[in-house]
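Chemist: The structure under discussion is supplied below as structure tokens; questions concerning it will follow.
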There are 2 protein chains.
Amino acid sequence: MRAATRPENGHQSRLLGLLRDGGPRSRAELGDLVHMSRSKVAVELDRLTELGLIRNAGLAASRGGRRSGIVCLDPSLRFVGIDIGATSVGVAVTDGELQVLGRLLEPCDVRRGPEAVLGLALSLVAKMRDQGLLPEVHGVGLGIPGPVSFREGVPVVPPIMPGWDRYPVRETLGHELGCPVQVDNDVNIMAVGERHAGSARSVDDFLFVKIGTGIGCGIVVNGGVYRGASGSAGDIGHIRVAADGPTCACGNTGCLEAFFGGAALTRDATAAAESGASPHLAARLAESGEVRVEDVAQAMMAGDATAMRLVRAGGRRVGQVLASLVSFFNPGLIVLGGSVPGLLGHPLLAEIRSVVYRQSLPLATGNLPIVLSELRDTAGIIGATRVISDHVFSAP
Amino acid sequence: MRAATRPENGHQSRLLGLLRDGGPRSRAELGDLVHMSRSKVAVELDRLTELGLIRNAGLAASRGGRRSGIVCLDPSLRFVGIDIGATSVGVAVTDGELQVLGRLLEPCDVRRGPEAVLGLALSLVAKMRDQGLLPEVHGVGLGIPGPVSFREGVPVVPPIMPGWDRYPVRETLGHELGCPVQVDNDVNIMAVGERHAGSARSVDDFLFVKIGTGIGCGIVVNGGVYRGASGSAGDIGHIRVAADGPTCACGNTGCLEAFFGGAALTRDATAAAESGASPHLAARLAESGEVRVEDVAQAMMAGDATAMRLVRAGGRRVGQVLASLVSFFNPGLIVLGGSVPGLLGHPLLAEIRSVVYRQSLPLATGNLPIVLSELRDTAGIIGATRVISDHVFSAP
């Protein structure tokens, strides 16, 4: 593996971005898109060919004169996206156009610490190399479930990741793999993924709300991730929604996350199973010894009133918080992602929508779609490869 | 009056911005600041002199070689800032460095409609021209108390401004005064003012919270105003803080603004005066027939427990909303402005601070000053002249 070659100027960066996002194009088309003359664009494309970043791919149909040559990103380009979750590590390999060529997922508790978890990620990368998917690596993007100093590439006081505080994640991986690495918070990475290839494609100002074990929010402003003054922007799981309530992992009471999210929902569903309030959930508990979010989803589909009540109550809490954020931030779109909306789907979405549309002013909700993630569990790895490709395709 | 002359390129824009924000400078200093050679900077400065935007102002002390000429903005440059409030119209004239040369304020109910209110503003401008303060007008910035389409220069469904919806404010004033005009929401304009010359100087990500008759928020991201998808970002007065409560002007119940702000506070203070709960306020009501925010401030200073209770309860409500926004947005600074914090001062600030610091996570509050506006009632007019000067000093 070798350090990725990078373009030399802004024109070359734009050409690479166009080829990544739109696929192969003729030299004439590219010249039109970047407003450059055919001869000037030829100089930059020739240089990108020399750098091994693009190659020729035949001739386009004639537009009247000489047929223009088609170029595409070099087929040997490879990006790696790593998605570290609370309980799993996912690794994907893409080509230069960010098409996924292969993917591996292993269960892994993030609390095992950075050496064990990053070691597993590296072994998954090695496995893909052995499968021939990775002749070389041009860059790695990585998402972790906690606050990150994006500039330094290190986690910052991540609440559910003991042992990771300020661990040199970017440096460690960059050293091991010999290529550029970018590290960001998992929710920011998923927001980038949805903007690249999912529900938020082409939307400049939107919120990506992840409801997994906990709840977080990716904020996109003018097409870029907004991280806040100390990198903790979007930490909506600890917004207080009631004067009291269950104690949160953060130690406070009344946090949104303590009322809803995967952890709170399985807690409440287990209680409903134990008390006999829900026969469906009680049966699941008896069978498997636990109640998961999947079980709540199945019970709800089967008409279980208690499961439906839990989902509606959670949707109302999330909706209340989002209604405030809509008044404040006036987004153009809200995307709901993470495992909980993925499993509970439209009944949860409907409850959230109804609260937001009722509680926010018409000017802010008049043209505000609230939708489920399209990419589902690939948002993170797509976003991670998009983040690193933006870096590799920028002029140093 | 005549259409303002504008610079021809980005270098000239940057030079004008430096002279506006830093005052007169030598040609050598300016060259260093914009990283241009002495001969190249001389070309641009000569052109700005020809355009009448700058002039020579003597010689600087020697830095070793030939003494460098000092330049300054042309002393005849004039910007006008207009601050339309719910109950007043303020007009200020500044020079090119945005130093206020004169200021007029007239009571005026914004509900009288755009023709009457803009007519009054124009008559105040004419008065300043008669006083010799306005040899010519190079541009006008204007703030109005409602949502604005900044691009079109028109109000959009402003709740407290009947008759103003989509009224061509920018076009009307531009036609009357023959110069560029920019229109924005009053709170955004105040945020710009605080960033130019007040508490938020040099801060890139902050919130400006205005508590006047109602409550609104200016959001600054990367040094620029964030307006949201439909221009309504920052409309925090209608965030729901309780399931029920007093009916709001917007028709909903439970809005922040229905609990606190100038209108809600005078309503509650009047009730306290009428019920006899507060002897101080009862005395004010008997004397003047009304209770104003000033009276609540005086009663509080005099130790009136009811007045103190009202201010604390209001501060708690505002603090709850700001705590959520701090978790979400992770600002680097919060500035409290408008008439209510101006009159109630530190007791209100202390209550707000205590709630925000208690309810938000340490990572977001660790380095988060919450301060009162420095500019107080000039934030709007300073911001308005800053907005228009940015426009006039940009290359078309």
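Chemist: Within region B:357-391, restricting attention to residues that are among the β-branched types (Val, Ile, Thr) and surrounded by fewer than 24 Cβ atoms within 10 Å (Cβ to Cβ), which residue is farthest from B:GLY314 (Cα to Cα)?
Modeler: B:THR378
Chemist: Right, another one. Among the residues of region A:221-248, count how many are more than 7 Å from chain B (Cβ to nearest Cβ), open to solvent by 30 Å² or more (accessible area, probe 1.4 Å) and either hydrophobic (A, V, I, L, M, F, W, C) or closer than 25 Å to A:LEU265 by Cβ (or both).
Modeler: Summing the residues that are more than 7 Å from chain B (Cβ to nearest Cβ), open to solvent by 30 Å² or more (accessible area, probe 1.4 Å) and either hydrophobic (A, V, I, L, M, F, W, C) or closer than 25 Å to A:LEU265 by Cβ (or both) in region A:221-248 gives 7.
Chemist: Six or more apart or on different chains, Cβ atoms under 7 Å: show the pairs whose first residue is in region B:120-135 and within 18 Å of B:VAL89 (Cα to Cα) and in contact (Cβ under 8 Å) with a residue 12 or more places away in the chain and whose second is small (Gly, Ala, Ser) and outside any loop (DSSP other than H, G, I, E, B).
Modeler: Sorted first by the residue in region B:120-135, then by its partner, the pairs are B:MET128/B:GLY102.
Chemist: Which one of these is small (Gly, Ala, Ser) and more than 22 Å from B:ILE189 (Cβ to Cβ): B:GLY81, B:GLY119, B:GLY64, B:GLY96?
Modeler: That would be B:GLY64, the only listed residue that is small (Gly, Ala, Ser) and more than 22 Å from B:ILE189 (Cβ to Cβ).
Chemist: Would you check if A:SER37 is open to solvent by 10 Å² or more (accessible area, probe 1.4 Å), in contact with a Gly (Cβ under 7 Å, 6 or more places away or on another chain) and more than 23 Å from A:PRO135 (Cβ to Cβ)? Spell out the reasoning first.
Modeler: Numbers: open to solvent by 10 Å² or more (accessible area, probe 1.4 Å): yes; in contact with a Gly (Cβ under 7 Å, 6 or more places away or on another chain): yes; more than 23 Å from A:PRO135 (Cβ to Cβ): yes.
Spelling it out, A:SER37 is indeed open to solvent by 10 Å² or more (accessible area, probe 1.4 Å), in contact with a Gly (Cβ under 7 Å, 6 or more places away or on another chain) and more than 23 Å from A:PRO135 (Cβ to Cβ).
Chemist: With surrounded by 14 or more Cβ atoms within 10 Å (Cβ to Cβ), without any contact (Cβ under 8 Å) to a residue 24 or more places away in the chain and either out of contact with any Gly (no Cβ under 9 Å at 6 or more places or on another chain) or not in a helix (DSSP H, G or I) (or both) as the only criterion, which of A:LEU98, A:LEU48, A:LEU105, A:LEU30 stands out?
Modeler: A:LEU105
Chemist: Looking only at region A:178-212, filter to residues that are β-branched (Val, Ile, Thr) and buried (at least 23 other Cβ atoms within 10 Å of the Cβ); which one of those is farthest from the chain's Cα centre (by Cα)?
Modeler: A:VAL181
Chemist: Taking only region A:346-356 into account, find how many residues are more than 22 Å from A:ARG195 (Cβ to Cβ) and open to solvent by 20 Å² or more (accessible area, probe 1.4 Å).
Modeler: Qualifying residue count for the region: 5.
Chemist: Does A:GLN298 satisfy the condition of being within 9 Å of chain B (Cβ to nearest Cβ) and among the polar types (S, T, N, Q)? Reasoning before the result, please.
Modeler: Numbers: within 9 Å of chain B (Cβ to nearest Cβ): no; among the polar types (S, T, N, Q): yes.
No.
Chemist: Moving on to the next point. For A:LEU343, only one of the following conditions fails: (1) of a type outside the set (Phe, Trp, Tyr); (2) open to solvent by less than 30 Å² (accessible area, probe 1.4 Å); (3) in a helix (DSSP H, G or I). What is its number?
Modeler: (2)
Chemist: Which of the residues that make up region B:349-372 are in contact (Cβ under 8 Å) with a residue 40 or more places away in the chain and more than 14 Å from chain A (Cβ to nearest Cβ)?
Modeler: Those that are in contact (Cβ under 8 Å) with a residue 40 or more places away in the chain and more than 14 Å from chain A (Cβ to nearest Cβ): B:GLU351, B:VAL371, B:LEU372.
Chemist: Listed residues B:GLY31, B:GLY52, B:GLY23, B:GLY69; which is touching a Leu at 6+ places or on another chain (Cβ under 7 Å) and of a type outside the set (S, T, N, Q)?
Modeler: Only one candidate passes the filter, namely B:GLY69.
Chemist: Return the pair list, or none, for Cβ contacts closer than 6 Å from residues in region B:321-342 that are within 21 Å of B:VAL311 (Cβ to Cβ) and more than 7 Å from chain A (Cβ to nearest Cβ) to residues that are open to solvent by 10 Å² or more (accessible area, probe 1.4 Å) and in a strand (DSSP E or B), at least 6 apart or on different chains.
Modeler: B:VAL335/B:VAL371; B:LEU336/B:LEU372; B:GLY337/B:LYS210; B:GLY338/B:LYS210; B:PRO341/B:LEU372
Chemist: Being away from chain A (no Cβ under 14 Å) and either assigned to a helix (DSSP H, G or I) or open to solvent by less than 60 Å² (accessible area, probe 1.4 Å) (or both) narrows it down to one residue among B:ALA258, B:ALA277; which is it?
Modeler: B:ALA277
The values are calculated or read from the model by the stated rules, or taken from the named source; none is laboratory data. The model shown is predicted, which means the values in this text are computed figures rather than measured ones. So basically every Cβ, Gly included, is an ideal-geometry build from the backbone, and we count neighbours across all protein chains shown. Protein only, heavy atoms only, side chains kept; ligands, DNA and RNA dropped before computing areas. Shrake-Rupley method; radii C 1.70, N 1.55, O 1.52, S 1.80 Å.
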